[in-house]
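Quick note: the coordinates plus some simple rules give every number you see, no bench work behind them. On a predicted model such as this, the values are computed, not experimentally measured, just so you know. When we count neighbours, we look across all protein chains shown, and the Cβ atoms used for this are built from the backbone with ideal geometry, even at glycine.
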Amino acid sequence: MSTDTTPDVRDVVIVGSGVAGLSAAVYTARADLKPLVLEGPEPGGQLTLTTDVENYLGFPEGVGGMELIQNGKEQASRFGAEFAHGTVETASLEEHPFELELATGETLRTRALIVATGASARWVGADGEDDLMGYGLSTCATCDGAFHRGDDVLVIGGGDSAMEEALFLAKFADSVTVVHRRDELRASDIMAQRARDHDAIEFRWNTELLEIQGSQEHGVTGATLVHHPDGHPTDKLESGLAVERETVDVGGIFYGVGHVPNTEFLAETPVELEEDGYLRTEPGMTTETAVEGVFGAGDVMDPDYRQAITAAGTGSMAALDAEAWLDTRGTTRDLQPVVEVKLDD
Ligand code: NAP
């Protein structure tokens with residue numbers, strides 16, 4: 001039986017407000033667990049960076065990424081989920097209830113914790129990327145590739161993600177040019193070979209993206225590339241070496257330079273992480289982690305599928321797992337906490 005029934009302890013805190021966190025919020029709220037959803041530095045997650053989502057089931061005409069997130073938030077709120085801005089800096093997960101230290105200095109206490117902090121796509125730091133992300137610049141070919149029928153597009157990166165993006169884009173685009181900073185791919189042989197064998201895919205070796213041209217009104221129109229025969233041309237440029245520059249006309253640019261799971265706040269906890277930082281969940285169909293009462297959902301625990309719909313699925317699983325776990329501890333639903341959460345901003 002649970003002894004952690006003090007009134008300032010939440011039943012469930014969900015860290016992250018992307019599609020996984022929202023799905024977990026809908027389920028836990030409907031189970032009357034009054035979840036608190038913490039919205040971190042990227043409220044709404046990666047979907048807010050994309051325009052139309054055409055592969056989420058139930059929207060034959062597609063749905064805006066932002067709209068999907070806003071609807072999810074409304075849906076969760078309708079059942080009693082609460083939302084607050086807050087970034088978790090550290091977590092104490094050795095004992096129950098768990099304690100989360102927020103950037104504001106505030107401490108939250110919770111019986112169950114759902115980690116849905118996602119993974120952030122790496123950006124390369126090219127000029128213009130802040131303005132044009134979502135306007136012809138994308139980190140997700142599956143989401144945005146179909147908008148580039150007949151375009152010439154660039155894919156930045158040399159790993160499996162970049163090859164996958166290039167192969168997907170080759171179905172729509174006139175030409176796909178993979179821009180890689182070295183002369184050797186990091187991708188697996190099979191993915192690399194598939195991309196090399198494709199007629200519509202070309203490679204620019206030892207080349208990097210320096211600047212993106214375009215506007216939010218007209219989308220991406222061009223890119224400035226830099227090349228150095230020894231690779232890593234932007235590093236060479238920064239150290240004062242001469243590089244070749246070229247401006248190319250393109251209608252779209254896709255970043256495929258990897259993702260970084262947002263698990264820094266778990267580094268010193270008994271929750272286990274994979275070597276590349278992804279949250280490790282227990283084997284089989286479960287969202288349980290190495291710590292009882294901590295559950296993972298969405299991209300933070302999924303380096304492979306990374307789709308909105310799979311994130312929503314694991315969000316609902318985490319909620320059901322958390323509910324079942326709370327039930328085994330005998331937590332009563334009528335001891336709802338009242339926690340004042342200050343907004344970060
Ligand atoms: P990754 O293997 O880390 O590759 C990232 C690529 O981006 C590397 O080629 C890297 O260049 C380049 N890069 C990183 N930062 C850059 C920057 N600032 N500017 C320019 N280029 C940059 O990441 P990933 O491709 O996302 O793959 C992650 C994991 O998921 C891998 O284990 C992969 O096998 C797996 N995955 C598998 C599949 C599949 O099998 N279907 C699909 C996707 C991902 P360098 O090579 O020079 O470091």
message: Need one word for region 123-255: rounded, prolate or oblate. Basis is the Cα gyration tensor (sqrt eigenvalues a ≥ b ≥ c); a/c below 1.5 gives rounded, then a/b vs b/c decides.
response: oblate
task: Would you mind telling me the antiparallel percentage of the DSSP bridges in the chain, rounded to 5?
output: 45
message: Check which residues have an amide H placed less than 5 Å from His259's amide H, if you skip close sequence neighbours.
response: Arg122
- prompt: Which cross-chain or sequence-distant (5 or more) residues have an amide H under 5 Å from the amide H of Leu210, H modelled 1.01 Å from N in plane?
  reply: Thr224, Leu225, Val226
statement: Percent antiparallel among DSSP beta bridges confined to region 123-255, rounded to 5, stands at 45
message: Could you give the length gained by full extension between Arg30 and Glu274, i.e. 0.36 nm per residue of separation minus their alpha carbon distance, to one decimal place?
response: 84.6 nm
query: How many angstrom lie between the C-alpha centres of region 20-82 and region 291-311?
result: 15
statement: Expressed as a whole-number percentage, the relative contact order of the chain with C-alpha contacts under 8 angstrom and at least six residues apart is 23
Among 279-288, 12-21, the order from most to least packed when residues are scored by Cβ within 10 Å on average: 12-21, 279-288
- prompt: Could you work out the helix-only [θ] at 222 nm for the chain, with each DSSP H run of four or more residues adding -39,500 (n - 2.57) and the total divided by the number of residues, to the nearest 500 deg cm²/dmol?
  reply: -7000 deg cm²/dmol
message: Testing the spin-label approximation: label points 7 Å from Cα along Cα→Cβ at Glu202 and Ala267. State their distance in nm.
response: 4.2
query: By how many degrees, between 0 and 90 and to the nearest 10, does the Cα long axis of helix 65-78 differ from the longest principal axis of the chain?
result: 0
Estimated inter-spin distance, Asn55 and Arg78, nm [label 7 Å along Cα→Cβ]: 2.8
field: Gaussian network model of the chain, Cα within-10 Å springs - most flexible of His180, His259, His228
entry: His228
query: Once both labels are modelled 7 Å past Cα along the beta-carbon direction, what's the Asp127-Ser92 spacing in nm?
result: 5.0
message: For region 234-253 and region 167-198, what is the centre-to-centre distance using only Cα atoms, to the nearest Å?
response: 20
- request: Using DSSP, restrict attention to beta bridges with both residues in region 1-155 and report what percent are antiparallel, rounded to the nearest 5.
  value: 40
query: How high is the FRET efficiency between Asp152 and Asn71 when r is their beta carbon distance and R₀ equals 41 Å, given to the nearest 0.05?
result: 0.75
